[in-house]
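A short write-up of the structure that comes next.
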Amino acid sequence: MADLYTRDGHALSSLQKLRFFPLSITGGHGSYVIDEAGRELLDLSASWGAASLGHSHPALIEAVTSALSNQAGASVLSSTNEAVVGLAERLLDKVPGRGDRRVWFGHSGSDANETVARAVVAATGRPRIITFTGSYHGGTAGSIAVSGHSVQEHADKADGLISLHYPDPYRPIDGDTSGEATLDELRRRFETDAAPNEIAAIFIEPIQSDGGLIVPPAGFMKALCGLCRQHGILVVSDEVKVGVGRTGRFSCHEHEDFVPDIVTMGKGLGGGLPLSAVIGPADVMNFATSFSMQTLHGNPVCAAAGHAVLDTISSEGLSENAGRTGAYLMNRLRQLMQVHELIGDVRGRGLAIGVELVHSRTDKTPAARAAAKIVYRAFELGLVHYYVGMNSNVLEMTPPLNLSEAEADEAVAILDKAITEVVANRVPDSALDGFDGW
Ligand SMILES: Cc1ncc(COP(=O)(O)O)c(C=O)c1O
């Protein structure tokens, strides 16, 4: 029989493939995945941050097995169950917010953000939404419609969508490293083509994830939030990639002194099972019934996985570990900057880290081809990670939250070697044939 990757090519649609190298996974434990040849690879992506507890964590196995052994239905649409109610109560407790709030559960970051985009417009009667260039809020029509990532630029956008520049301290517009230029841009738009009373919400990412792991300037989100609040515009914090303990706090916005109206979560919340959540004000979240539902939403097996993730974050101190090990890893990566001119910037919070590659630190020309080759070569050497960014030149690290310092060292050693070999032109262009990335 052909190998698994070849069979994948013959059997699976390309529509959902985003491939960087020929990885076939047959199992995993902790921060490692095992490929078809039995090779163990250190997983610094965790399937784009979803495998928050790593692979085959006993708490997740136990929770899911137990939920399936006495299955309390498979949905929350027309019945309720303890797992889903209890999880909502815990999230209301853990995620900062104000007033009377409710929780909605879905399967993905995409359905969570799509639900919010529809609900805020319907509930407020205001037709327009603000987003940022480079934002990625999902892969369904409604979440693409409020996103600004180049990979989706040919897809339809929401009517009247207002797009702002995300302030990037590494690539400031006109030298502005404070984000004031973006705030001015918004004030100007309010007075010209974007009447505030027509705007239901602004979608923010407290760290812009697929746009290049960009940490905004300190104070920017608070100022933005204040400006929007003055006009009754709801602030939606998309924490699908960077929430649920990843940055060293449970919610990423806790690093900044502001409280959003709505928070969306996904990926790591289910630890690898499909689970997302929206927390928001009751007047929006209870605006209608039968408004945003899919049969398996709120199923108790995925909710049980959510409980296991929250339990383990707390019992194993995983937020703290993400903060501590993330700082350690970032520091090690910054040391690599002294050896490799190609690294223009290392940034992030906790275990959400971006390494931006440039041909020259002076003009900061994005080194996209090098990024593609480095992730490819790192894979050959035993490390799984991918790249992101509007220029496809930012290596992304979103490993399991229980990553150890020894594993961080192992990753840095492999990356060091991969960069050295790519810079020395030892990785041929042909290696990338068939791997388009994004
Ligand atoms: C910030 C953010 N929001 C939403 C999504 C969409 O999540 P999903 O792919 O689980 O639907 C992603 C996925 O990368 C993301 O990074």
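Values in this text are rule-based calculations from the coordinates and carry no lab data. This is a predicted model, so every value here is computed, not measured. Here the Cβ is made from the backbone with ideal geometry for all residues, glycine too, and neighbour counts use every protein chain on show.
If you average 1/r across every pair of different Cα atoms in region 261-311 and take the reciprocal, what Kirkwood value do you get, in Å? For region 261-311, inverting the mean 1/r across all distinct Cα pairs yields 12.0 Å. Within straight-line reach of Lys267, meaning a Cα separation under 19 Å, sit the following lysines at least 8 residues removed in sequence or on another chain: Lys17, Lys94, Lys241. Spin-label pair Asp156-Asp174: with each label point 7 Å from Cα along the Cα-Cβ axis, the two points sit 3.6 nm from one another. Of the beta bridges in region 71-315, as assigned by DSSP with both residues counted there, near 45 percent are antiparallel.
Each stretch of four or more DSSP H residues adds -39500 (n - 2.57); spread over every residue of the chain, this sum gives -11000 deg cm²/dmol at 222 nm. Hydrodynamic estimate: the Kirkwood radius of the chain over Cα pairs, inserted into Stokes-Einstein at 37 °C and 0.692 mPa s, corresponds to D of 148 µm²/s.
Here the translational diffusion coefficient of region 351-418 follows from Stokes-Einstein with Rh set to the Kirkwood radius across Cα pairs; for 4 °C and 1.567 mPa s it amounts to 104 µm²/s. Shown for region 18-79 is the translational diffusion coefficient from the Stokes-Einstein equation, using the Kirkwood radius over Cα pairs, a temperature of 37 °C and a viscosity of 0.692 mPa s: 238 µm²/s.
Going by neighbour counts of Cβ atoms within 10 Å, the residues Phe190, Phe435 line up, fewest first, as Phe435, Phe190.
Full extension of the chain between Thr420 and Ala141 gives 96.3 nm of extra length, using 0.36 nm per residue less the Cα-Cα distance. Computed from the Cβ-Cβ distance with R0 of 35 Å, the FRET efficiency linking Glu380 to Thr80 stands at 0.10. With r as the distance between the Cβ atoms of Thr65 and Ala11 and R0 = 30 Å, compute the FRET efficiency 1/(1 + (r/R0)^6) and round to 0.05. Calculated value: 0.55. Between the beta carbons of Asp363 and Ala195, assuming R0 = 45 Å, the FRET efficiency works out to 0.70 to the nearest 0.05.
Computing Rg and the Kirkwood Rh from the Cα coordinates of region 71-315 gives a ratio, Rg/Rh, of 0.96. Mean projected area of the convex hull spanned by the Cα atoms of region 137-276, taken over all viewing directions: 8.7 nm². Cα centroids of region 42-109 and region 393-414: how far apart, whole angstrom? Using only Cα atoms, the two centres lie 25 Å from each other. Since only Gly148, Asn113, Gly211 are under comparison, the one whose Cα sits farthest along the positive direction of the charge dipole of region 71-315, derived from C-beta charges on Lys, Arg, Asp and Glu, is Asn113. Computed over the alpha carbons of region 1-147, Rg followed by Dmax gives 19.7, 59 Å.
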